[in-house]
Structure formats: structure tokens, C-alpha cells
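Below are the C-alpha cells for one structure; questions will follow.
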Amino acid sequence: MNDASKNIEPHIVVVGGGFGGMSVVSSLAHTPARITLVDRRNHHLFQPLLYEVATAALSPGQIAVPLRHVFRRQHNVTVVLGDVTSVDLKRRVVEVDGDALSYDHLVLATGSTHHYFGHDDWAAHAPGLKSVDDALEIRRRFLLTFERADRSDSPDERQRFMTTVIVGGGPTGIELAGTMSEVAKRVLQGEFRNLDPSSLEIVLAEGTDRLLPALDPELSARAKSDLEKLGVKVRLETYVTEIDERGVLLQSGERISAANVIWAAGVCGAPIERGLQGFMRDDRRLNVEPDLSLRGHPDVFAIGDLAYVETDGEQVPGLAPAALQMGKYVGRLLANEVGRSASAGARKPFEYWDKGTLATIGRGKAVADIGRFKFGGVLAWLLWVFIHIFFLVGFRNRLMVLIEWAYAYVTFHRGARLITGQDAHEKVLALSETSTSQRG
């Protein structure tokens, strides 16, 4: 790693190439500073459409773009593929795969990860949805349920294979539940000789008394009704207390036998493990000042899902628009301060502008909570489509996703139904053999 002290220009290190990190770097395009963007993956991922990869509608390349390609024309940026494992705030150094990288300003935008509330062993049986790898694993498991059921002669095992439990009734949970139901009822019809794919049973378990708790209660009720019309079994005030390879155990004592369990019940911050413990909350987010800096360290910022931020007494939600706003705020703040004394002017606190919330449920079904306007149906779905296309990075991705959606809407076809992974075939055989031995 090159030492920043050897360069006259101030060195700004940004950790994380998500919405927040990219927004910071883009805002510094014309700033006389040297910028290093570090990410453990080489691509920016449009996370709001990950469920479309998990349900075989889109391929990963349609919602992700290489970071080097994004910033190829921004000449003050260097992209580094690496994992930041520690931060030394006193020495102003971050460790990247064992190498020391010094900084003048540091922006932490590492995002969030799955939160299993103390049951990390559940991850092996109930994957969450935060990365391309997660989406491909969920897609593999989802499609394998039909293959396994098609080869099973045991009614009980077939029922287990054809049962999917989704834990969590937030946007990710309802998007997965609604889309998976549509795939089973429309897309896969006629493709299996020994199985009716529409017999797939999807159970959506939510611990609170309604879906989408952050939205207006009327929209929550509409989302529940829309899901139930798609055949999803919505279980409210239902807590999962155990997850294993055979299914889930509920707090009531009821056991649901399911071959496929998906975790959508919670997330927590994904901080760098060493050097930031004094700022970390129980949910692994970092406490920040009104200007998004760490207390006592005005040169270090945390943004996006990693930061715990309140404006007007309410927590800023972990959504892409919030990360984009935080990134733009910090980028402009740094652009104004670079080359000047940090005391040249008082920093105005970050203010979050809530532009509303959208959640899609299925074909022509969505809910929208935008200020005074609360509505659902086709209009909300079209608005959801337009906004998500708009925020995709790259014209080619926008065009390809729009074509895929239009084609799927007319034909009910999903072209990314590939079961990937070296052990896919072996697992089908193994489970079929297990089913046979249990019948014996």
C-alpha cells in the first residue's frame, strides 16, 4: 500500500462500495483529494432487486456492476479489492488484508448483515438475503425443492419438500413470498410430470401483529390480503424458536416441517471487527454525532446501515435512499473542508428527507407510503418499477432489466432458473435416498 503521507493531497479512504460509499466517492469527483475505495467484493450491488435473483427472474450481472468500471473516468479514485479488518483511530490507519493504509479522512460504509438474535447456528439452515451469493443459494434451494419433491414417493417427505417457511414480514419477506408463489403457480406449470408446482405451501411468519410494521396499518392489511390471495399463509404474532434441517419450531410449540427456510427477520450493522468497539451498539451499529462522525474523531464518519442516526427524534431507516443521502452529505462536507482548517466553519447536522416507502408483493401488486399519499395496486407497482429502474447503475442494466420484466409480465417466463453449485445433483440424490430409506 502507498503511504498517504507521501502525497500532498489529502487521502480519503472509503470502506464499502454500496449506495452510501458510492455516493461519497461520486460527490468528491472534483475535489483535490486522493480517494481510495476499499470493498471485499469487486462490484456494487443493487440490493433492492436481490430477491429477483433469488426467485430466478434476473441474473446477478443485471443488478451488479464492477466498481472499477463505475469509477473508470474519475481519476482521483483508486479501487482496492480487500477486506478491512481493523481501524487504528490514533494512528489514522486501516488494515487491509494485513497491509496498513493511512488516511486523512475515513468513511465507513460497510452496510449490514443478517441478525439471528443470538442464534447464529440458524444461518446454515435459513440463509438471509444480502449478497449475490445469498441470492444464488436461496435460488438453488428454492428450485431444488421441486426437483426433490418430483422424485419423492413418500407423501410426508413430498409435503416437507413442498413447504417453504419465510421468517420475517418486512419488505424482503413479502417480496420473496409473493414472487415465489407466482413462480410456483404460473412459471413452473407443465414442467414436471409427477408434481403440481402450485401445491407449494409458503408460510410467512412475522413476530409482530402486522406485516410491514414501518408502513401505515391500512397498507399492512392490504399487503396481507394480497399475499393471501396468492396463496401465502401469513402467520402474525408468530415467533420462531428453533430452526434445523427439518423445519422450524414455533413459540407455541407447533412444528412446521419444511425443507426450505429463509431468514428475513432482521439485520444488524456489519462493522469492522477491531478498533471500533467503543462506538458499537448492541445491534452492531455505530453511534455517530449529528454530522455522522464518530465522537472525538471528526475525521472519521459512519454512514448507511452501519450508522445509528436519529433526526427529529426518530431513527433513520436502513434504506437505500437514506444511505444515498448520508453519502452525499459526507461527500459535500469533505469537499468543503479539504484544503481548509476543519474549524473553518461549523458543520450543519445531517437531515434525512423521507421520500416514502415502496414494497412490491407480486405481479401488479405493491403498496406505497409517500407522505400523505398511501395507495396500492397497479399504480404503486408501476411506481416501484420506475424508481428501481431509475436507480440501477448503468444504462445497459436498466435496459436489460426493463426488457426482462416486460417479457416476464407478458409470458410469465423466468429465464434465470439455473440450479448452480457443484453438489446440486448429489443433494437431490441424497435426499431422494433419505426419503426412500425412511419409507422402508
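The values are calculated or read from the model by the stated rules, or taken from the named source; none is laboratory data. Owing to the predicted nature of the structure, the values given are computational and were not obtained by experimental measurement. Cβ placement follows ideal geometry from the backbone for every residue including glycine, while neighbour counts extend to all protein chains displayed.
When only residues in segment 92-124 that are assigned to a strand (DSSP E or B) and modelled with pLDDT under 95 count, which is farthest from Val13 (Cα to Cα)? Write out each step before concluding.
Restricting attention to segment 92-124, the residues satisfying the condition of being assigned to a strand (DSSP E or B) are 93-96, 99-102, 105-108, 112-114.
Remaining after also requiring modelled with pLDDT under 95: 112-114.
Values: Ser112: 19, Thr113: 22, His114: 25 Å.
Ranking the candidates gives His114 first.
Is it the case that Val65 is in contact with a Phe, Trp or Tyr (Cβ under 7 Å, 6 or more places away or on another chain) and either of a type outside the set (Val, Ile, Thr) or assigned to a strand (DSSP E or B) (or both)? Write out each step before concluding.
Details: in contact with a Phe, Trp or Tyr (Cβ under 7 Å, 6 or more places away or on another chain): no; either of a type outside the set (Val, Ile, Thr) or assigned to a strand (DSSP E or B) (or both): yes.
No: the conditions fail for Val65.
Mind counting the residues in segment 269-288 that are touching a Phe, Trp or Tyr at 6+ places or on another chain (Cβ under 9 Å) and either free of Cβ contacts under 8 Å to residues at least 12 places away in the same chain or over 23 Å from Gln47 (Cα atoms) (or both)? Steps first, please.
Of all residues in segment 269-288, those touching a Phe, Trp or Tyr at 6+ places or on another chain (Cβ under 9 Å) come to 269, 271, 281, 283, 285-288.
Still in the running and either free of Cβ contacts under 8 Å to residues at least 12 places away in the same chain or over 23 Å from Gln47 (Cα atoms) (or both): 281, 287-288.
Residues in segment 269-288 being touching a Phe, Trp or Tyr at 6+ places or on another chain (Cβ under 9 Å) and either free of Cβ contacts under 8 Å to residues at least 12 places away in the same chain or over 23 Å from Gln47 (Cα atoms) (or both): 3 in total.
Between a first residue in segment 133-149 that is in a helix (DSSP H, G or I) and a second residue that is acidic (Asp, Glu) and surrounded by fewer than 20 Cβ atoms within 10 Å (Cβ to Cβ), which pairs have beta carbons less than 9 Å apart while being 6 or more apart in sequence or on different chains?
Listed by first residue and then by second, the contacts come to Phe146/Glu191.
Next question. Out of segment 304-342, which residues are closer than 20 Å to Arg34 by Cα, in contact with a helix residue (DSSP H, G or I) (Cβ under 9 Å, 6 or more places away or on another chain) and touching a residue at least 60 places away in the same chain (Cβ under 8 Å)?
Matches in segment 304-342: Gly327, Lys328, Val330, Gly331, Arg332, Leu334, Ala335.
If you don't mind, there's one more thing I want to ask. Which condition number in (1) closer than 26 Å to Ile138 by Cβ; (2) in a helix (DSSP H, G or I) is the one that Arg41 fails?
(2)
Within segment 242-271, track down each residue that is modelled with pLDDT under 95 and part of a strand (DSSP E or B).
Val267, Cys268, Gly269
Here's another thing I want to ask about it. Name the residues in segment 77-91 that are within 18 Å of Ile12 (Cβ to Cβ), assigned to a loop (DSSP other than H, G, I, E, B) and free of Cβ contacts under 8 Å to residues at least 60 places away in the same chain, would you?
Gly82, Arg91
Go through (1) part of a helix (DSSP H, G or I); (2) over 20 Å from Thr360 (Cα atoms); (3) modelled with pLDDT of 75 or more for Arg417 and report which single condition fails.
Against the list (1) part of a helix (DSSP H, G or I); (2) over 20 Å from Thr360 (Cα atoms); (3) modelled with pLDDT of 75 or more, Arg417 comes up short only on (1).
Within segment 301-317, does at least one residue satisfy the condition of being surrounded by fewer than 18 Cβ atoms within 10 Å (Cβ to Cβ), at pLDDT 95 or above, in contact with a strand residue (DSSP E or B) (Cβ under 7 Å, 6 or more places away or on another chain) and not in a helix (DSSP H, G or I)? First the steps, then the outcome.
To start, the set of residues in segment 301-317 that are surrounded by fewer than 18 Cβ atoms within 10 Å (Cβ to Cβ) comprises 310-315, 317.
Adding the requirement that they be at pLDDT 95 or above leaves none.
No, the conditions are met nowhere in segment 301-317.
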